[in-house]
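*Asks:* A single structure is presented below for examination.
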Amino acid sequence: MEFGAPAIVYQALLFTALYFILRPLVFDPFLANLDARHQRTRGALEEAAKLRTEVARLQADYEEQMSAIRRQAAEAREEIRKQAESEERELLESARAEAARALARARERIAAEVAATRAALEADTDRLTDEVIARLLKRGS
């Protein structure tokens, strides 16, 4: 292999000719494909960053809404608890009042029965006393 001036010129001309022939056929499509791939990658990375930002925003919104819902639920539970306590107090007061009325009626009934029984016993006592005295007087005579 000789490396003389004509060989170098020939190789330079061949290189230049191949470059201009292969440039539109191979190099430009390859570089365009490489650039398009790079653009798609960059676009995908930008889209992923946008999606991450959107996810973070949505998650913050979700957490805020859940916090508000939890507060509302706690307020509702507290309101229901207060209403239940109020109803319980009212029921207990009503039951106590009814029990007091029933007790008063029972005491009145018992007092009336006691009075009636005493009156009957007093009548029986007077009669029995008279009978005992009459028997004693009959024995003694």
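All of the numbers you see were taken from the coordinates with simple rules; none came from a lab. Model, not experiment: these values are computed from the prediction. Methodologically, a virtual Cβ is constructed for each residue, glycine included, from the backbone with ideal geometry; neighbour enumeration extends over all protein chains shown.
*Asks:* When the dipole is taken about the Cα centre of the chain, and only Lys, Arg (+1) and Asp, Glu (-1) are charged at their Cβ, what size is it in debye, to the nearest 20? Display every interim value, and only then the final one.
*Replies:* Working: 23 positive and 25 negative charges, 89 e Å.
Charge dipole of the chain: 420 debye, to the nearest 20.
*Asks:* Run the simple label-point estimate for residue 118 and residue 83 please: 7 Å along Cα→C-beta, distance reported in nm.
*Replies:* Simple spin-label model gives 5.4 nm for this pair.
*Asks:* Of the chymotrypsin sites (Phe, Trp or Tyr not before Pro) in the stretch 1-65, which ones lie in a loop per DSSP and count no more than 10 other C-beta atoms within 10 Å?
*Replies:* Numbers: sites: 3, 10, 15, 19, 20, 27, 30, 62; in loops: 3.
Taking the stretch 1-65 and a limit of 10 other Cβ atoms within 10 Å, the loop chymotrypsin sites (Phe, Trp or Tyr not before Pro) found are 3.
*Asks:* Among 7, 21, 66, pick out the residue whose Cα is farthest towards the positive end of the charge dipole of the chain, where Lys and Arg carry +1 and Asp and Glu carry -1 on C-beta, about the Cα centre.
*Replies:* The listed residue farthest towards the positive side: 66.
*Asks:* Compute the distance in nm between two label points, each set 7 Å from the Cα along the Cα-to-Cβ direction, one at residue 73 and one at residue 90.
*Replies:* 2.8 nm
*Asks:* Given a Förster radius of 25 Å and the C-beta distance between residue 128 and residue 106 as r, what FRET efficiency does 1/(1 + (r/R0)^6) yield to the nearest 0.05?
*Replies:* Details: r = 31 Å, r/R0 = 1.25.
My answer for the efficiency is 0.20.
*Asks:* Taking only Cα atoms, what is the 0 to 90° angle, nearest 10, from helix 5-22's long axis to the longest principal axis of the chain?
*Replies:* Between helix and principal axis, roughly 40 degrees.
*Asks:* Next question, about the same structure. Under the Karplus relation 6.51 cos²θ - 1.76 cosθ + 1.60, θ = phi - 60°, what is the ordered set of whole-Hz ³J(HN,Hα) values for the stretch 122-135, x standing for Gly and Pro?
*Replies:* These are the phi-based 3J(HN,Hα) values: 5, 5, 5, 5, 4, 5, 5, 5, 5, 5, 5, 5, 5, 5 Hz.
*Asks:* Moving on. Before rounding to the nearest 500, sum -39500 (n - 2.57) across all DSSP H runs of length at least 4 in the chain and divide by the residue total; then give [θ] at 222 nm in deg cm²/dmol. It would help to have the intermediate numbers written out before the result.
*Replies:* Details: 2 runs with 131 residues, N = 141.
After summing the helix terms and dividing by residue count, I get -35500 deg cm²/dmol.
*Asks:* Using the Karplus curve 6.51 cos²θ - 1.76 cosθ + 1.60 with θ = phi - 60°, work out ³J(HN,Hα) for each residue of the stretch 45-60 in order, rounded to whole Hz, and write x for Gly and Pro.
*Replies:* With coefficients 6.51, -1.76 and 1.60, one gets 5, 5, 5, 5, 5, 4, 5, 4, 5, 5, 4, 4, 5, 5, 5, 5 Hz.
*Asks:* Tell me which label goes with the value of P(r) over Cα pairs in 10 Å bins from 0, in percent computed from the coordinates here: [x] 9, 14, 12, 20, 23, 15, 7, 1; [y] 9, 20, 14, 10, 9, 8, 8, 8, 5, 4, 3, 2, 0; [z] 8, 9, 9, 8, 8, 7, 7, 6, 6, 5, 5, 4, 4, 3, 3, 2, 2, 1, 0.
*Replies:* Matching the structure shown: [z].
*Asks:* Continuing with the same structure: Using a 7 Å offset from the Cα along the Cα-to-Cβ direction at both residue 27 and residue 50, what is the distance between the two label points in nm, to one decimal?
*Replies:* In this crude spin-label approximation the distance works out to 3.6 nm.
*Asks:* Same structure again: Can you work out the Karplus-derived ³J(HN,Hα) for every residue in the stretch 68-84? Use 6.51 cos²θ - 1.76 cosθ + 1.60 with θ = phi - 60°, whole Hz, and x for glycine or proline.
*Replies:* Karplus values, whole Hz, x for Gly and Pro: 5, 5, 4, 4, 4, 5, 5, 5, 5, 4, 5, 5, 4, 4, 5, 4, 5.
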